[in-house]
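Asker: What follows is a structure written as C-alpha cells; I'll ask about it next.
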Amino acid sequence: MQDMFPTNAPQIRMESPLSDDLDQIFASHVAAMHADTPPESIHMMPRTDLVSDRIAFFVLRVDGQPAGMAALKLLDAGHAELKSMHVLASYRGQGLSGALLRHLLDHAAAHHIGRLSLETGIQPTFIAARGLYRKAGFVECPPFGDYRPDPNSVFMTIELPAP
C-alpha cells in the first residue's frame with residue numbers, strides 16, 4: 001500500500017541566510033538578477049544584510065535540500081517588504097513559489113502586518129513572478145519606503161486581513 005502521507009513534502013522554515021548549504025540558491029538569485037536588469041535597478045539586499053532583527057528569512061526545502069528562499073523586511077509596525085524571493089529553476093513548475101508566497105502572507109498576517117509590498121523587475125524574465133503576485137492579490141502601487149521611480153521596476157502591494 002502506498003503511503004498516503006509522503007514524508008518528502010516541502011517544508012518552509014525561518015533559517016539563517018548565512019547557512020553554507022544556501023550558497024547555490026544565492027548564486028542563482030544573484031545571476032538571475034544580473035541577467036537582464038541594469039545594475040542601477042537591482043535592489044536585492046546583500047546576503048549578510050538579510051541577518052537583521054527586522055528581517056524574517058525563510059528557506060523552502062524539498063527532501064531536505066534548499067529549493068527556495070524569501071525574506072520579509074519590516075518597514076514599520078504595520079508594513080513589510082517581500083525581499084529576495086527565489087525558487088531554483090530545477091524546482092519551478094511544482095507550485096513551490098505559490099506555497100512560499102502563501103507562507104509569507106500567513107506569517108505577515110500572523111504578525112499583525114497589515115500591508116506587504118514588493119519591488120520586482122519589468123523585464124520579461126519577471127512575468128511569471130508578477131503573475132504570481134497578481135494572482136495572490138497584489139496590485140501595482142507607487143514606490144514605497146526608500147524606493148524612487150525606476151523604469152525597470154514594478155512596485156506592488158497587498159492589504160492583509162487581520163488574523
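The values are calculated or read from the model by the stated rules, or taken from the named source; none is laboratory data. All figures in this text were calculated on a predicted structure; none of them were measured in a lab. When we count neighbours, we look across all protein chains shown, and the Cβ atoms used for this are built from the backbone with ideal geometry, even at glycine.
Asker: Can you list residue pairs whose Cβ atoms sit under 7 Å apart, with the first residue in the stretch 115-128 being over 14 Å from PRO151 (Cα atoms) and in contact (Cβ under 8 Å) with a residue 40 or more places away in the chain and the second being in a helix (DSSP H, G or I) and among the acidic types (Asp, Glu)? Count only pairs 6 or more apart in sequence or on different chains.
Answerer: From residues that are over 14 Å from PRO151 (Cα atoms) and in contact (Cβ under 8 Å) with a residue 40 or more places away in the chain, the pairs are THR125/ASP36.
Asker: Might you let me know whether the stretch 100-113 holds any residue that is of a type outside the set (Lys, Arg), closer than 21 Å to GLN24 by Cα, in contact with a helix residue (DSSP H, G or I) (Cβ under 8 Å, 6 or more places away or on another chain) and touching a residue at least 60 places away in the same chain (Cβ under 8 Å)?
Answerer: no
Asker: A further question on this structure: May I ask you to list pairs of residues, at least six apart or on different chains, whose Cβ atoms are under 6 Å apart, with the first in the stretch 8-24 being farther than 11 Å from GLY68 by Cα and the second being among the hydrophobic types (A, V, I, L, M, F, W, C) and assigned to a strand (DSSP E or B)?
Answerer: MET14/ALA56; MET14/PHE58; GLU15/VAL59; PRO17/PHE57
Asker: Take the residues in the stretch 82-126 that are of a type in the set (A, V, I, L, M) and surrounded by fewer than 18 Cβ atoms within 10 Å (Cβ to Cβ); name whichever of them is nearest to CYS141 (Cα to Cα).
Answerer: ILE122
Asker: Here are some residues: MET85, MET69. Which one is of a type outside the set (S, T, N, Q) and over 20 Å from ARG134 (Cβ atoms)?
Answerer: Result: MET69 is the single residue among MET85, MET69 that is of a type outside the set (S, T, N, Q) and over 20 Å from ARG134 (Cβ atoms).
Asker: Could you tell me how many of the residues in the stretch 131-153 are outside any loop (DSSP other than H, G, I, E, B), modelled with pLDDT of 95 or more and in contact with a strand residue (DSSP E or B) (Cβ under 6 Å, 6 or more places away or on another chain)?
Answerer: Matching residues across the stretch 131-153 total 2.
Asker: Sticking with this one: Closer than 17 Å to MET14 by Cβ, in contact with a His (Cβ under 8 Å, 6 or more places away or on another chain) and either of a type in the set (A, V, I, L, M, F, W, C) or surrounded by fewer than 20 Cβ atoms within 10 Å (Cβ to Cβ) (or both), is that true of MET69?
Answerer: Working: closer than 17 Å to MET14 by Cβ: yes; in contact with a His (Cβ under 8 Å, 6 or more places away or on another chain): yes; either of a type in the set (A, V, I, L, M, F, W, C) or surrounded by fewer than 20 Cβ atoms within 10 Å (Cβ to Cβ) (or both): yes.
Yes; evaluated as a whole, the condition is true for this residue.
Asker: Moving on. Scan (1) closer than 23 Å to ASP63 by Cβ; (2) at pLDDT 95 or above for the single condition LEU105 breaks and write down its number.
Answerer: (1)
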